[in-house]
Amino acid sequence: MKRAAPEQLLAATAQKWPRRNPDEDRAKIADGDGRVYLNCPFQEKDEAKRLGARWEPSRRQWYVEKGLELSAFSRWLPKGSNFAGVMVSATTKADQPPAGTSAHTVSKPKLTLRIQERYLAAIEAGHKTVEGRVFQGSVRSLAPGDLISLSSGSRSVTVQVAEVIRFRSFSELLEVCGLQSCLPGCPSLDEGVRIYHSFPNYEQLAATNGVVAFKISMARGPVPRAGG
């Protein structure tokens, strides 16, 4: 498939990432959730993400979550807003041991999901940090801080969910989260979409239900066996 030129891609994504109205953003800058929303152009999204910004699909806008110093994001803050010296708690749910446990022992996995061996190995090696799924069934209940057991054959690893982000398609998921973070070694975005759609009914289910990305990391401390 012939890839569009960069200027064509920017034009095509203008509708997906519309230019924000600064006055509107100032009015919505604090929605009671502690977030600060950014006026980040599409071509600068990778830098914003590297600094720690996150994506809000319902508003189609990047934002700064709790625990980040805003000075690093000054170029994208709404004009006329004064956030000097603002910094909120750096502790998130994913940083804390689940209720009723210590820092040395974590709770049982909430869910067990099957995964291909190559991606299981990539998670263990630290190369795969995002797991993408169709937003359906039991995965709908997963939240930051939850544990997931990812299994392939007789092997499994337990990971902790750090962030949950919903998207309308696997293409959008890969663009925002990064192809190599989701599918290490995949040569192109088109091939990445093809891989997801190759799973039974995934293409149809994604179109109907949307998809979800789980930012994951290896669970800290020993994990009790299910039922043990």
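Every read-out reported here was derived from the displayed coordinates using simple, explicitly stated rules and does not represent laboratory data. If you're wondering where the values come from, they're calculated on a predicted model, not measured in any experiment.
Listed values for region 184-197 are Karplus-derived 3J(HN,Hα) couplings in whole Hz (6.51 cos²θ - 1.76 cosθ + 1.60, θ = phi - 60°), namely x, x, 6, x, 7, 4, 4, 5, x, 4, 4, 4, 4, 6, and x replaces Gly and Pro.
Amide H contacts of Ala162: Gly145, Lys215, Ile216, Ser217, each under 5 Å away and 5 or more positions distant or on a separate chain (H built 1.01 Å from N in the peptide plane; Pro and chain starts excluded). Between Leu113 and Ser149, Leu150, Ser151, the built amide H atoms are under 5 Å apart, and every one of these is 5 or more places off in sequence or on another chain.
Using θ = phi - 60° in the Karplus curve 6.51 cos²θ - 1.76 cosθ + 1.60, the 3J(HN,Hα) couplings for region 142-152 round to 6, 9, x, x, 6, 9, 10, 9, 9, 10, 9 Hz; x is entered for Gly and Pro. For Leu38, the amide hydrogen comes within under 5 Å of the amide hydrogens of Trp62, Tyr63, Val64, counting only partners 5 or more places away or on other chains and with H modelled in the peptide plane.
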